[in-house]
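All remarks here apply to the structure that follows.
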Amino acid sequence: MKKLKIIGGRPLFGEIDISGSKNAALPIIASSILSSGNLILSNVPKLHDVSTMIKLLKTMGASFIDHGDHCLKIEAHSLNNYIASYDLVKTMRASILVLGPLLAKYGEARVSLPGGCAIGARPVNLHINGLRKMGAEINIKEGYIDAKANRLRGATISLETITVTGTANLMMAATLAKGKTLLKNVAIEPEIINLGECLQSMGANIEGLGTRIISIEGVDSLRGHSHEIIPDRIEAATYLIGACVTKGSLKLNKLRIDHLDSVIDLLKKAGAQISFQKNQIDVSLNGDIQPINFSTNPYPGVPTDVQAQFMVLNALADGDSEIKETIFENRLMHVLELQRMGADINLDKNTAYIKGVRKLNAAPVMATDLRASAALVLAGLTAKGETIIDRIYHIDRGYEEIDRKLSQLGAQVLRLDS
Ligand code: EPZ
């Protein structure tokens, strides 16, 4: 199991580029299944999850040409296998994103149920119910979703819970359905808009992107096109918080400031000095960290994917704070590891009550999920001495070359093969 050794206690200084968004790249790569041509993507992040999605589509007959410099050409217009097997799906839940496109393009799909993960049960009932409303015949047996449809038909679907990949799956499925689909209470995350714009460039007839109701008039086929993946707002937020917890000063390039409103607002309340130009942010924090209270919410609220990172900021704040996790039922496991590093945090159901301490102590810790791992990295960067983070495969799923980028910012970070 690979580990990360961090010798902490030094501020982060310098400049890095933000990579493409994992949560935009995954559905957009899956959308290539819908195309009758090739899809050329730019700003594709080099991440383990992206490699897994590529591997999954290759098992179905797709081919990929890596043009270098984060550009990828996808030929997925004539697949010969419509199965997403458990051995791949168990390593990446987002594999469920092939279900809608396979059903829409080929009328059949056999996709392993993703199962839960560390942060929660992660059901996919909303994906399945929506596809059934579009005429799919779906049976669940032996841990697989077996789906068939002569041709999906347009439907009006009201989602009782805002679901990001559920919105992505149903929007993709509706692009080739017969007739009009109305999706209500959809996710409006930037990644969904990036996907919708990619589908529009392929010829999909989608209206209402960015609002809670989107209307999709099905077409007979979608053409190939080229599309740029948006910057990863969660990676950007992680480094912004890293500058603050280490009392350093960073310049982040190639990001979308308009995707970070709720994060920037919280950082300013915490005492950060932030300035920005077109797609750059300068951030630093001198003096004491002010405690910040917040709940996680669907976009444009504070993302659940930055909750763990902000907890490190509050753990070192000059005062008490509360963080409430409202999206996932078990996304506070990083608290246990932060407590081992000296954080003063008490949990009551899905709310963390944090009393700021002057410093965190280096310790051996274990990553449990992607964003919890990022929080432990931030904590290790602030703690004098040696922090060893185990199971860092979680990190490589969602952060491109995190050790190279941190080393570029003056951190002492070493990847260990245990
Ligand atoms: C996406 O997961 C992201 N993953 C997650 O990022 C992110 O945390 C999450 O959205 C919330 O923003 C990708 O985009 C690949 P949901 P997703 O469906 O789509 C419930 C990361 O760290 N729900 O929006 O799986 C669900 O249990 C990852 O990058 C149902 O009940 O999340 C949760 O409580 C982690 N039934 C809530 O909705 C369903 O059918 C939101 O989940 C679907 C979801």
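The values are calculated or read from the model by the stated rules, or taken from the named source; none is laboratory data. Here the structure is a predicted model, which is why all the values come from computation and not from measurement. Cβ: placed from backbone, ideal geometry, glycine included. Neighbour counts: every protein chain shown. For accessibility, only protein heavy atoms count, side chains too; no ligands or nucleic acids. Shrake-Rupley method; radii C 1.70, N 1.55, O 1.52, S 1.80 Å.
In table form, for the structure just shown:
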item	result
Residue-normalised accessible area of the chain, given per residue in Å² at a 1.4 Å probe	38
J(HN,Hα) series, the stretch 140-147, from Karplus relation 6.51 cos²θ - 1.76 cosθ + 1.60, nearest Hz, glycine and proline x	10, 8, 6, x, 10, 9, 9, 10
From phi via Karplus (6.51, -1.76, 1.60), per-residue ³J(HN,Hα) for the stretch 186-197 in Hz, x at Gly/Pro	7, 6, 10, 4, x, 5, 5, 5, 4, 5, x, 5
Assigned charges on the beta-carbon of Lys, Arg, Asp, Glu; the stretch 1-149 dipole about Cα centre (debye)	460
Antiparallel DSSP beta bridges within the stretch 22-228, as percent of all bridges there, nearest 5	70
Average silhouette area of the stretch 22-228, convex hull of alpha-carbon atoms, in square nanometres	9.8
The stretch 92-196: projected area of the alpha-carbon convex hull, averaged over directions, in nm²	6.3
Mean separation of Cα contacts under 8 Å, 6 or more apart, over the residue count of the stretch 22-228: relative contact order %	22
The stretch 298-362: equivalent-ellipsoid semi-axes (sqrt of 5 x gyration tensor eigenvalues, Cα, Å)	20, 12, 10
Largest-first principal axis extents of the Cα set of the stretch 237-327 (Å)	32, 31, 16
Cα Rg, Dmax (largest Cα-Cα span) when computed across the stretch 32-145, Å	14.5, 42
Mean Cα-pair separation over length for the stretch 203-244, i.e. relative contact order, pairs under 8 Å, 6 or more apart, %	29
3J(HN,Hα) from dihedral phi, the stretch 76-81, Karplus parametrisation 6.51/-1.76/1.60, rounded to Hz, x for glycine, proline	10, 7, 9, 7, 10, 8
Largest to smallest principal axis extent of the C-alpha atoms in the stretch 357-396, angstrom	28, 16, 12
Column: log10 I(q)/I(0), Debye, Cα scatterers of the chain, q = 0.07, 0.09, 0.10, 0.12 Å⁻¹	-0.33, -0.54, -0.67, -0.94
Low-density loop positions, GluC sites (Glu not before Pro), the stretch 307-366 - DSSP coil, at most 14 other Cβ in 10 Å	GLU329
Pairwise label distance in nanometres, LYS359 with ASN279, each label 7 Å out on the Cα-Cβ vector	4.0
Violating pairs (Cα-Cα greater than 27 angstrom) within the set LYS3/LYS46; LYS73/LYS278; LYS58/LYS251; LYS5/LYS247	LYS73/LYS278; LYS58/LYS251
Apportionment of accessible area to carbon and sulfur, the stretch 108-243, percent (1.4 Å)	47
DSSP-loop trypsin sites (Lys or Arg not before Pro) across the stretch 283-370, with at most 12 other Cβ within 10 angstrom	LYS349, ARG358
Value of D in µm² per second that Stokes-Einstein yields for the stretch 230-386, Kirkwood Rh from Cα pairs, at 25 °C (0.890 mPa s)	160
Tail beyond 16 Å, pair distance distribution of the stretch 1-62 (Cα, percent)	60
